[in-house]
Amino acid sequence: MHITQPESAGPGADTNSPRTDNPFIEKSSSLPFGQDLSLDSITGPTYLTAQTLVQQVAYTLSDKIFAYSVDSFDLDVAVKHWQKQGEKNAFGYETGVSSLETRTGAGAIALGYMFSNDYDLTKRHIPQSIVASSSTLGHLRPVLDQLSLLYSVANPLIAHIAAVDYTANTAAGLVTDYVSSLTIAEDLGLGLVCSPSVFETQHMALFATLLSSILPTIHTYDGISVGRETARLVDTLDQTRLYNSYKAVLQAVSEVDKKHSDNAGRTVRLLQAFNDEFGEDYKLFDYYGHEEPESVLVVFGTVEASLTAQVATALAKDGDKLGVINVRVYRPFVEEAFLEVLPKSTRYVAVLGQVKDEAAVFDPAEYSSLFSDVLAAVQFSIDSNVQVTDVKYSREQVWTPSNILDVFQQIYGEKTQSGEVRSYVDILNTADVRQYAFWDLDESSAANAPLAIGKLLSSDSSKNVFVRTGHDNLVCGGTIRTDIRNADYTIEAPYAIEQADVTFVGEATLLQEFDILSNVKVDSNLIVRLPGVKDENIEKELPATLRKTIFSKDVELFVLDPTLSESVNEDPSLETYLTQLAFLKVAREDLLTSGLSKLAAINGNSEIFTKLTAELENALREFEVPESWGIVDEDVQPLSLPSDVNVNSFAAFDRIEPEPPSLLKSWVVAAKGLSFKEAYGTNAALRPDLGVTTFVSHIKEHRRLTPLSYDRNIFHIEFDLGDSGLKYAIGEALGIHAENNKAEVEQFIKWYGLNADEIVQVPSREDNNVLVNRTVYQSLVQNVDIFGRPPKRFYEALAEFADDEKERKELLTLGGPEGANEFKRRAEVDTITFADVLLEYPSAHPSFHDIVRIVNPMKRREYSIASSQHVTPNSVSLLIVTVNWVDPKGRDRFGQATRYLNGLAVGSPVTVSVKPSVMKLPPKTTAPIIMAGLGTGLAPFRAFVQERAYQKQQGHEIGEVLLYMGARHQREEYLYGEEWEAYQDAGIITLLGRAFSRDQPQKIYIQDRMRQTLTDIRKAYLANEGSFYLCGPTWPVPDVTEVLQEAIEVEHKAKIARGDTEGKSKKVDSRREIETLKEAQRYVLEVY
């Protein structure tokens, strides 16, 4: 933790830099205020980011830096700038900077450099540095493993790792990843140091560099928020002090220590020498909280350390007997040092341990890395009565004081010493801290205005300014949020502003995407940019629930109308200046006069600021909030909106989307590729263009299950796998790479006037960035979804090719909001295809090159597998219903994939792939399974039952198998009926609930059969801890779930009747119980 600095500790940021003619532009969010800085400017009191400090230490004390940074991460932007400027390191020469790609073999160049024959051995004592994100560690692992074995003859190696990674499995986008560092440090025996705050980043980067003289070391820190927040640091070490301290600490550690101590002992001695050099009291483990706690939380991570320490301190002041231990040095894990800081009064230790994902959080068999070390230290060293538990959280978790408080309440109890349940803990004195939040689109000309304001506020040396920015590129085409805190003293607030004094909203539509007003203070100010909107129309621009919040929180509303500024009308780029002035007018009117020259110096244009200040009187006005806003109609439901942006990028959304070329070529091009394979890089492979592994199977059986006279064609289709090598698991889906109907393709080619044999290069159906050579005919059969349903953007794109003005306007209307109803009718009633639209508007006749560009590529279709490979090792089965209908023009229409499958003869080849699914059997064979399938939704359950039969045949005990099936008529749709009855006779299926809705006067559905056998469900699902599965259409989900809730409630009443004290202790919440079962993967839906 950082000790609070005096109110004034030196000069503020320099705002008297040379004037430019350009507005204030952010180069990178990893730089202070987004601006480049020279190496010698890092000294004394100044504004910096943790990421810049890390790069300063690396550049100063390294022979060479190997940087692995995604372009937008900018982890090496400062060192590249310093190298370009010719800056020298502490050893008197320019540090080498190699910016490399993160891929297999990453790190090999660093290893090769250190052990090359021509390496200058006089530099062997100088550290080599890696600057990377945690996503790189997996690729670096082989090299780090080799290096650890050769470390006695290698340079010291320090890896500065920003704890940030992308995740494709959730909506989080960017996640804070300590798991990678923890795992690799433990597996390879590396050192691991974490910076607990921006104020200690420089010291910890230096200490980790010193530790690399003992063993290869990772220095990690938060890479999403704290690492990029601009903050004021008072006693920053310049390059000379860094080097002198580095030498002094190394000299203080004796040669005797090096030869006769293990790594743990040498680390302790190194930290002592480090503290002696700087007059600090850093520990391997830091304790905060009550002097005699009963419960102690152990944490690792930058934000985790900062917030838990502050929350624990606040709770301890109120008498709550709890505390927190921050792990500063995880490896080596010095147990004696940990036990020394653990208070003797502790009875309960909880480890806040990060795991990879939500699945790991709910997996009882998986523990966090930190938990294992803490458990070993406590259980084998002190009173065994101390209980140790693992409080796991995923990398997606975003910490705030509120959810940290939830963790403490979880481990310590629901109530505080006062007997009240806390819902909020105040770690920030909002009376002394002014907080400003800015919301805008990243394409706005005013997007960088908050950075200029932060730079202006930082010029006051008596204040401490903190600026952080987050990008959400999935909302409104790119949304940016910037927070500014302005305090009288140093604060640690590594979380988004929750009590803003002034909030600026640059785009009104953001008020419908985010619950912005949940983060404002009562009696605060709100500025909304509403160009051209008059007072009488403001109510129409703001949602009803928002208006009520404005009224109830007594928020003063200001409207910024840039159209009322003459200068902005003439030059829209000046709006960023107008925004800055409007904010100052509301938040700091004193700076409109005293700070105007500084603001002009920051932006580089003084004359225009004077003019805009005069025009501000017209452009900014306060709106008197009417009392009627406090009343909302009862039928208006409040929207559940996120209160913060989901940070998924560090840069604005790149709207330049290069379109893949599609070039018509002669057959000669393809012939060259086949004749001269080496020169043209031609490889023979099965669909190498696809992003998934594909296999060729052959139709083994095609059997219709419904009568020919019945209007629904449901068929069983089985594929012979041969020697394809395809493997599939229970519950997985088979991807069918279908083709368009050949007769219809030929008809389209003839009508459109195309040459079927012309060679064309088109994007593959799975990856638009990969081009494949096809004939026009092949591309329409295999790649271009010409008979698919066109989206709105197709009409808009096609309008560009229309020569007839009437047709052009019709197409534009269909592609715009005014044509929404007609578009919906065409899509859902007429079921229009791309080909239909091209036929309908003959004047819009794009070339085939353009057709490929504006028509969607074909996608594979996935179907649940209806077999177990244990039972049929050389085949895979599907259950398919043909999708067909007649459109209003009397034309027969078909689903592309089902039509393709239905038309295949036995022996026909089919390209297939396998896709994982949520439908998995419980890990224990004795766990009951309750299955509910409607129509073809029975497919995965056929595989389930086959697998259970196989398990029983192998001598395993199996649990109850309850199968409920729903269809219209038993005579026509009793799918696999004979198989189910045979399995029931064999004792595999214990209950078969058949619901045929139209076979009797009153309709009977699947939920009715379930309700009739509620006792069996209670026993299998609740008493014996079974799992429930539903597959089929979405409509029965609420009714089926209601039956399960009834089972939970009836079971709860039965417990009470039996005198179960636990059952009496609380009222059961069946909805919450279903959610719990869902999290435990005992309530699984696969619906469509």
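The values are calculated or read from the model by the stated rules, or taken from the named source; none is laboratory data. Everything numeric in this text was worked out from a predicted model, so none of it was measured. Every residue, glycine as well, gets a Cβ built from its backbone with ideal geometry; the counts of neighbours run over all protein chains shown. Ligands, DNA and RNA are excluded from the accessible area calculation, which covers all protein heavy atoms including side chains. Shrake-Rupley method; radii C 1.70, N 1.55, O 1.52, S 1.80 Å.
Picking from Gly227, Thr176, Ser116, whose Cα lies most toward the positive end of the charge dipole for the stretch 44-237 (charges on Cβ: Lys, Arg +1; Asp, Glu -1)? Ranked along the dipole, the leading option is Ser116.
The ratio of the alpha-carbon radius of gyration of the chain to the globular-protein estimate 2.2 N^0.38 Å is 1.07.
Between the residues Ile699, Leu754, Val249, the greatest Cα displacement towards the positive end of the dipole of the chain, with unit charges on the Cβ of Lys, Arg, Asp and Glu, is found for Ile699. The charge dipole of the chain, taken about the Cα centre with unit charges on the Cβ atoms of Lys, Arg (+1) and Asp, Glu (-1), comes to about 3060 debye, rounded to the nearest 20.
In summary, the stretch 945-1088 shows an alpha-carbon radius of gyration equal to 1.14 times the 2.2 N^0.38 Å reference for compact globular proteins.
How large a share of the accessible area of the stretch 762-857, in percent, is made up of carbon and sulfur atoms when the probe is 1.4 Å and the other protein chains stay in place? All intermediate terms of the calculation are to be shown ahead of the outcome.
On the way: 2060 of 4360 Å².
Taking all protein chains in place, the stretch 762-857 shows 47 percent carbon and sulfur surface.
Among the trypsin sites (Lys or Arg not before Pro) found in the stretch 86-169, those both in a DSSP coil and sparsely packed, with 11 or fewer other Cβ atoms within 10 Å of their Cβ, are Arg103.
Under a no-solvent Debye model with one identical scatterer per Cα of the stretch 762-857, what's log10 I(q)/I(0) at q = 0.23, 0.25 Å⁻¹? Normalising to I(0) and taking log10 leaves -1.18, -1.30.
Assuming charge only on the beta carbon of Lys and Arg (+1) and of Asp and Glu (-1), the dipole of the stretch 981-1032 about its Cα centre is about 240 debye to the nearest 20. Partners of Lys321 within straight-line reach, counting aspartates and glutamates whose Cα lies under 12 Å from its Cα and excluding those fewer than 8 residues away in the same chain: Glu291, Glu292, Glu294.
Heavy-atom accessible surface of Thr990, to the nearest 10 Å², is about 80 Å², with a 1.4 Å probe and all protein chains retained.
Computed from backbone phi, the HN-Hα couplings of the stretch 856-863 come to 4, x, 6, 10, 6, 10, 9, 10 Hz, rounded to whole numbers (Karplus: 6.51 cos²θ - 1.76 cosθ + 1.60, θ = phi - 60°; Gly and Pro given as x).
In terms of overall dimensions, the stretch 433-630 has a Cα radius of gyration and Dmax of 16.1, 45 angstrom. The chain: longest stretch without exposed GluC sites (Glu not before Pro) (DSSP loop, at most 15 other Cβ within 10 Å), sites themselves excluded? That would be 102-279.
How large is the translational diffusion coefficient of the stretch 522-572 in µm² per second when you combine the Kirkwood radius over alpha carbon pairs with Stokes-Einstein at 4 °C and 1.567 mPa s? Once the numbers are plugged in, D ends up at 107 µm²/s.
Projected onto its three principal axes, the C-alpha set of the stretch 215-329 covers 47, 37, 25 Å, listed from the longest axis down.
Solvent-free Debye calculation, one equal scatterer per alpha-carbon of the stretch 44-237: log10 I(q)/I(0) at 0.09, 0.13 Å⁻¹ equals -0.30, -0.63. Calculated accessible area for the chain comes out at 44 Å² per residue, all protein chains present (probe 1.4 Å; ligands, DNA, RNA ignored). Packing, as the average of other Cβ atoms within 10 Å across residues, places the peptides 128-137, 318-327 in the order 128-137, 318-327, highest first.
Can you give the convex hull volume of the alpha carbon atoms of the stretch 285-412 per residue, in Å³?
98 Å³
Here the stretch 762-857 is assigned +1 on the Cβ of each Lys and Arg and -1 on the Cβ of each Asp and Glu. Its dipole about the Cα centre then comes out at about 260 debye.
Note on Lys889: lysines with a C-alpha under 19 Å away, same-chain residues under 8 apart excluded, are Lys824. Close amide H pairs (under 5 Å, H built 1.01 Å from N) link Ile218 with Ala159, Gly191, Leu192, Val193, residues at least 5 positions away or on another chain.
Ranking Ser345, Thr43, Ala729 by how far each Cα lies toward the positive end of the dipole of the chain (charges on Cβ) leaves Ala729 at the top. Put simply, the amide H of Lys700, placed in the peptide plane, has neighbours under 5 Å in Glu718, Phe719, Asp720, Gly907, leaving out anything fewer than 5 places away on its chain. Along the stretch 279-287 the Karplus relation, 6.51 cos²θ - 1.76 cosθ + 1.60 evaluated at θ = phi - 60°, assigns HN-Hα couplings of x, 9, 10, 5, 10, 5, 9, 9, 10 Hz to successive residues, with x for each Gly and Pro.
Summarising the amide proton neighbourhood of Val97: residues at separation of 5 or more, or on other chains, whose placed amide H is nearer than 5 Å comprise Ile65. State the percentage of accessible surface on the stretch 229-301 attributable to carbon and sulfur atoms; use a 1.4 Å probe and exclude ligands, DNA and RNA. The C+S portion of the solvent-accessible surface of the stretch 229-301 is 42 percent. Run the reach check for Lys1055 against lysines, Cα to Cα strictly under 16 Å, same-chain hits fewer than 8 apart removed. What comes back? Straight-distance partners of Lys1055: Lys1019, Lys1064, Lys1066, Lys1067. Taking every protein chain into account, the 1.4 Å probe leaves Ser597 with about 90 Å² of accessible area, to the nearest ten. Could you tell me which of the pairs Lys455/Lys598; Lys915/Lys952; Lys356/Lys392; Lys540/Lys809 are separated by over 18 angstrom between their Cα atoms in the structure shown? Among Lys455/Lys598; Lys915/Lys952; Lys356/Lys392; Lys540/Lys809, the Cα-Cα distance tops 18 Å for Lys915/Lys952; Lys540/Lys809.
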